[in-house]
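The values are calculated or read from the model by the stated rules, or taken from the named source; none is laboratory data. No experiment lies behind these values; they were computed from the predicted model shown. Here the Cβ positions follow ideal geometry from the backbone for every residue, glycine too, while neighbour counts run over all protein chains shown. Just so you know, the surface numbers come from the protein's heavy atoms only, side chains and all, with ligands and any DNA or RNA stripped out. Shrake-Rupley method; radii C 1.70, N 1.55, O 1.52, S 1.80 Å.
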Amino acid sequence: MFFFTIVLLFGLASAQKIIQLAYCSLDEHNLRMDCKYALPAESPEPFCKYTNGERLFDTTDPEEEQHAPFRKRAKVRIFPGNNCRLLFKTLPPGKSNFTCNIKYANSVTATKTSVVEKKLLLPCSAWSVLLQSCSGLLLTLMTLPVLLEIHWL
């Protein structure tokens, strides 16, 4: 039983996982979504795809076919640093679901979904990326004077 538990834990620890799903607007109508993931050491390059339910926005897997309405609107690419990026043109008004899927070889697919509301999108800039990816750090830095009980004269 002990051996089975170790094998199970090692298997779960070595699986790929999605660390973060961040998004911003490139302009008034276009979305950029970054899916950062972690892979086990020595794993082959994964396939990445973005979906909405059964509809495939785009994928890096040549075996899958992109949903026809998105052929000229969506593009997925893998960047160095384990980042899968979706560029999506003409984001519809209201809320839209985007799911990032990461898979390599015959492994289990890691997924993460985010709901994007067009009117709440921040423009892509260093500041908006910092706000989305480092909100805990930013909150700590902003409250540091209170935590340290520093009084400004």
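Pairs, please: C-beta under 6 Å, at least 6 apart or cross-chain, first residue more than 20 Å from ASP34 (Cβ to Cβ) and free of Cβ contacts under 8 Å to residues at least 40 places away in the same chain and in segment 91-115, second among the charged types (D, E, K, R) and open to solvent by 40 Å² or more (accessible area, probe 1.4 Å)?
These pairs meet every condition: PRO93/LYS118.
Look at LEU86 and say whether it is in a loop (DSSP other than H, G, I, E, B), crowded, with 17+ Cβ neighbours inside 10 Å and in contact (Cβ under 8 Å) with a residue 40 or more places away in the chain.
no
Which residue out of THR109, THR113 is open to solvent by less than 70 Å² (accessible area, probe 1.4 Å), modelled with pLDDT of 85 or more and not small (Gly, Ala, Ser)?
From the options THR109, THR113, the qualifying one is THR109.
Within segment 116-153, count every residue that is at pLDDT 55 or above, assigned to a helix (DSSP H, G or I), closer than 26 Å to GLU28 by Cβ and open to solvent by less than 60 Å² (accessible area, probe 1.4 Å).
Of the residues in that region, 1 qualify.
For segment 67-83: of the residues being free of Cβ contacts under 8 Å to residues at least 12 places away in the same chain and not in a helix (DSSP H, G or I), which is nearest to the chain's Cα centre (by Cα)?
So the residue we want is PHE79.
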